[in-house]
Every structure is written in structure tokens, then in C-alpha cells.
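First comes the structure, then the notes that go with it.
The values are calculated or read from the model by the stated rules, or taken from the named source; none is laboratory data. These numbers were taken from a predicted model, which means no experiment stands behind them. For neighbour counting, all protein chains shown are included, and Cβ atoms are generated from backbone atoms with ideal geometry for every residue, glycine included. Accessible surface is based on the protein model in full, side chains and every heavy atom, while ligands, DNA and RNA are left aside. Shrake-Rupley method; radii C 1.70, N 1.55, O 1.52, S 1.80 Å.
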Amino acid sequence: MCGIVGYIGKANAASILISGLKRLEYRGYDSAGMALLDDERILITKSTGKVSNLSEKARTNWSPELFQRATTGIAHTRWATHGPPTEANAHPHLDQSGEIALVHNGIVENYRALRSRLEGKGHHFYSETDTEVLAHLIGDCDKGDLFQAVCDALHQVEGTFGIAVLSSREPDRIIAARRGSPIVIGVGDGEAIIASDASAILAHTQRVMYLDDNDIANVTMDSVEIRDLNNVPVTREIAELGLDASATEKGGFAHFMLKEIHEQPEALTNAIRGRLDLQLGSSVLAGMGTSQRELAELSRVVMVGCGTSLHAAMVGEYAFEDIADINAEVQQAAEFRYRNPILGNRDFVIAISQSGETADTLAAVKEANQKGAFVMSLVNVVGSTIARETGRGVYLHAGPEISVASTKAFTCQVSVLLMMALKLGRGRRYSREEGMKLAREIESIPELVARVIGKNDLIADIAEGYTKDEHAFYIGRGPMYPVALEGALKLKEISYIHAEGYHAAELKHGPIALLQEGTPVIAVACDVPGKDKTLGNIEECRARGARILGIITEGDDEAAEVMDEFISIPRTHPLVATIPAVVALQIFSYHVARLRGCEIDQPRNLAKSVTVE
Ligand code: M6R
């Protein structure tokens, strides 16, 4: 969603801020803005739409000399929440004096009360945003020490924030703070970069400090001093990012989504490497931070997540029940805390999130912690809020996922969930022989996926036949049911075709009424238990004129026969098969969207990490 970049140093701040914002574009936004400090004045340029609009406007508004000489500034990409995406609502926002500028991610929940109090003191507001209220509040608290003013203001804020604050009265520092919305500070040589996401920092330095909740940092070009909101010093270690800037570039692919689809064999190898014990038929997941004995005592697995991560959890549900012989359930993270879940210390709660920043998943983690459950995370972004909040967890090691449509995160999530189920299962009733067999199948996942990617051209040809459709139905059963849901989500979010996923048996309970001559039904009918019933459901669709695209197992002539066309995936364990099956659907969606001329990596209205509830 929103993105923050701040720079203080000796270099050209405007260029650094713009290239930082460009690296944050993938998060999704609808307006952008930048404030530069020049000659003890704050100068602001804002624009709606893309960062390139902002860049052009800044070059028109500001002289080349100014553009060159300013060495301190803050910038923002905004995903509209309070008020539409207009220039007035874009950040940075100024306080009443015009001498303090603020960029903010998150939501000030009590902004109405704060605003009316400030209006009572004579403040005037030009935007509809909660952020402008926070800028005024900081200004109102400023009695000559910006750091103290930010502390005092944040004490009055209910809600979440990641902020960077600039004052023309104190030009040698930027103040940054966080609560529930990430802030990373890149520590360079005579310069510092503040960002909401490490991708904006990568090109400058590998050395970063992550702020914890309620940390506030005084950032100068030579130092970073961090305190808590009570002004007590705290120590945060400098960490190495360990990421190459090229990981956030397209590397010759037309889109990040295509690149990330193709990266899957490597990402999966990284997710699996060193985590399988082929001799014991088990897995080694140190991040789970528990012994086999403690695992054996768990009575239930509860997985929470949103979107694609929720679908991965649904595959995990089958895996835990089937392999680990333990009750497993999936809960939509947004609903979790409102239903007052019954949890205890024998419940194993797994929070699944690519970004590690999804607000609803984070809230679910907090609720599970509160109730004394055994909580861990399955997250891709190292150092993200959910990873830190859970303390224990397993990273995906999938590498940065830039495209809004999640691809490699899903396949890595499912792979790790399979390994977790295997570890739990081996402490229960899963035999060594069964474990060894499954471990070998898991080890082969990168190769299985590479074989499906090898069918890219065939799938692109098939996709041509679906570009004019406005509706599509996806069906599957067993672990292929969440695959159908994920296939439908991929198609709708990037091609804007209305696509719905259903359990194959569910169509005839209502949705079948929508089938007409030629309606596409994408049937995930791999040769796994329940396939025969799915083939029966396909016949029901055919009888009503539907056009069937099957995802089937290689060599399954019986399934091939009932399809109008099909994409085949290699034969493997039924749970493992969910991974190559979903890859076929990712590639299909990608080509349909490409042929329809859609903006694949940043679909309309969507954000990469959804940091509001
Ligand atoms: O970062 P997370 O995995 O927590 O994100 C959850 C969803 O927002 C995400 O999977 C979303 O549904 C993607 N756009 C799907 O492609």
C-alpha cells in the first residue's frame, strides 16, 4: 500500500527519493508526493497517478539547481483511504506553520477528535486525511525540539503509523517512528535512507536498522539514535539485508509476474534446501522452535491468512489432517479476532503471509498470542512485522515478490506447510516409509514446477481462446479445491475477467444456473482421490454447453477425453500435485491478462501489502 522514502546526506535527494518511490511502486498507490528541504524552506510537489508524473512535475516546478542541491527530503506513495486520490490528499502534509512536513503510512483512528480539537485552537485543514491532522498535531506540540514534539504527538495517536518528519527549523535531521507499520533505516557512509520497505534501500546500502513498534528515531547523515516513546534510549542492531538490487528488477522479463513465475524452481529450491531429512522421512524446521515432544502434544492446527495465503492455508489443512493426523482448520484472518476464537496452549496457530505486513493477519496473531496459543509465522519478508510479532517462524526464502499477484509465495508456502505437516506427522502416526516417500516427492517439487513452466508456449496458445470471455468458473475438489480458488483469484485480479472458484460438487447447488453455451469452466481434475467425481461434475457442465479447460495428470486419457482442451502436469503425491497445478493456472492467467492488454504487475485498485483492515 502506501510507501515512504526519506533521505539525508550529501547526494541529490530528489533523484534518490524518486528512484526509491519507483522501487515501492509495486506496493500499489494512486498518488505521490515529495518534500525537499532547501535553504531552510520546505518545498513540496505532489501529483496524482504514477511516480513518473511526480518526477515530471518536480522538474517543472523546481529549477535544475534546486533539484541538484537539495540533500534532504521525504517522499510518499499514497493508496487512498481517507479521501480520494487527489493532490490535496497526497502526502507530504504540512503543519499549520508550513515548517513541518510529514509522510505517513497507517491510519490515525482518532483523527476526527484530534482534528476538531485542533480546529478549536484555530488550525485550518486543506485535505480530508488523517495524516494532515497528525502533521498539525506535531506542529502543535513543537516547542523547539522536533523529536520531543513527535513523541508528544504520537502519545495522543490511536491507530497505526510509520512516519518520517522533516522540519525547516531543524534541517539536520529527519524523525522516523513506527507502530504497526514498518520503517527500515538504511545506514550509509555519511547518509541515511528511511523507507517503509527495504527494496527502496537496496541500491544504497545493505546495512539496515528495523524499528520496533513505538520506536522513534533521530536520523542525521552520520547517526541514528533510537528511543521509545517515553524518550528512553533503546538499542537496535544493524542487520545485513543480504539481497541483491537485481532481485527487485525485471531481469529481461516483460513483467515481474512472469519473472516470478519463472523463478519458482529456484525459489522452491531455496525454501526446501536443508529442511528435509530423507533418512528419517521427516523435516528439519528449526524456526518452529519446538521439540518433537511438544509438537506431539498439540491438539489442533489453526491457520490464518488472507487472499492467496489463505488458499495456501487451505491446502495446508488437507496436509495436516492427512499427513499429521491432527485437527486442522483455516480461518480468514479478518474474521479471526471478531469471532472470539477458542484457543489454548495446545493450539498451534500458523500465520501465513508473504509480506508479513497484512493488517488482518497481524491482528489475528495478536489475538492468538493474547489467548495463549502456540503461535508461529510462515512469512517471506525477513524482519516483517508479523515475523517479529510471532518471534518464532519459518521464512519462505522465496526472494522479493514484487508483482501484486502472488505466485512464488504460494508455491513456497504450500511446500513449507507440507514439510511442517511431515514433521508433525512423524511425531505421530506417519511411518518412516511414508515419510521417506513424501520427503522425496517434496524434494522433486522444483523439477515438477520447471516442467510445467516448460509448457509456457502451449499455455499461451490456449490462453488466446479465453481473452474475450467476461466470466469463468474454476472447479476442483479435495486439495484441488483451494487450487481452483487460487486459479480464479489469479485470473480476476490481473485480467479483470469475473472468475469464481467453487468446490466441484457445489456448482449444482446454484452456480450451474449461470452456465451457457461456451461459458469457460476450468476444471482442476488431476488424478488424485475424488477425480472420478470431478469428472462427473465436468459432464454436468458439458451437458449445459460449458467449454472445459482441464488441468490433468500426464497420461490420464480418461480425464483428457472429457476436456475441450487441457494442460497436463507431472504425476506426483496428491498434495504435492497442488503446486504444479497452480503454476499451470498462474501461467494461464498471465497470458490471458497479457493478451487483454492489462497492467499485470499493478492491477487497478490493488496493493501488494494490505496494511489496513
Ligand atoms: O502478504 P500477504 O500474503 O499477507 O497478502 C495477502 C493477500 O493480500 C495477497 O495474497 C493477495 O490476495 C494477492 N493479491 C493475491 O495475488
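A few remarks follow.
- Subtracting the Cα-Cα distance of ASP189 and THR220 from their residue separation scaled by 0.36 nm leaves 10.0 nm.
- Cα-centred dipole magnitude for region 453-613, charges only on beta-carbon of K, R (+1) and D, E (-1), debye, nearest 20: 380 debye
- Charge context of ASP189, other residues only, Cβ under 11 angstrom, K/R +1, D/E -1: 0
- Formal net charge of residues neighbouring GLU558 (Cβ-Cβ distance under 10 Å; K, R +1; D, E -1): -4
- For region 172-214, the residues whose backbone nitrogen is under 14 Å from a point 7 Å from the Cα of LYS10, taken along Cα to Cβ, are 188-192.
- Solvent accessible area, Å² - ASP189, 1.4 Å probe, full protein context: 150 Å²
- The chain - share of DSSP beta bridges that are antiparallel (%, nearest 5): 60 percent
- Efficiency of FRET between GLU297 and ALA254 - r from beta-carbon atoms, R0 60 angstrom, step 0.05: 0.75
- In this rough spin-label picture, where each label sits 7 Å from Cα along the Cβ direction, the ASP244-ARG432 distance is 4.1 nm.
- Heavy atoms of ARG477 accessible to a 1.4 Å probe, total area in Å² rounded to 10: 40 Å²
- Taking amide H positions as modeled 1.01 Å from N, with prolines and chain starts lacking one, the residues under 5 Å from ASP527 and 5 or more places away or on another chain are THR553.
- Between ASN110 and GLU539, the contour length at 0.36 nm per residue exceeds the Cα-Cα span by 148.8 nm.
- Spatial separation of Cα centroids for region 552-613 and region 246-271, in angstrom: 16 Å
- Carbon plus sulfur fraction of accessible area for the chain, probe 1.4 Å, in percent: 47 percent
- Fraction of antiparallel bridges per DSSP, region 251-443 only, in percent to nearest 5: 10 percent
- Close amide-amide hydrogen proximity is noted between ASP347 and SER299, PHE374, each under 5 Å apart and 5 or more residues distant or on a separate chain (H modeled in the peptide plane; Pro and chain starts excluded).
- Overall form of region 453-613 per C-alpha gyration tensor (a/c, 1.5; a/b vs b/c): rounded
- Average accessible surface for the chain: 37 Å² per residue, computed with a 1.4 Å probe over protein heavy atoms with every protein chain in place.
- Region 157-172 - phi-based ³J(HN,Hα) in whole Hz, Karplus 6.51/-1.76/1.60, Gly and Pro as x: 8, 9, x, 10, 7, x, 9, 9, 10, 10, 10, 6, 7, 9, x, 9
- CYS598 accessible area, 1.4 Å probe, all protein chains in place, Å² to nearest 10: 20 Å²
- In percent, rounded to a whole number, the relative contact order of the chain is 12, using alpha-carbon pairs under 8 Å and six or more apart.
- Gained length - GLU561 relative to ARG339, 0.36 nm times residue gap less alpha-carbon distance: 75.3 nm
- At R0 = 45 Å, FRET efficiency that the Cβ-Cβ distance of ALA286 and LEU595 yields, to 0.05: 0.50
- Around LEU549: net Lys/Arg minus Asp/Glu count, Cβ-Cβ under 13 Å: -3
- Cβ crowding within 10 Å averaged over residues, with 497-507, 233-243 ranked highest first: 497-507, 233-243
- Under a 5 Å amide H cut-off, with hydrogens placed 1.01 Å from N, ASP215 pairs with ARG178 among residues at least 5 apart or on other chains.
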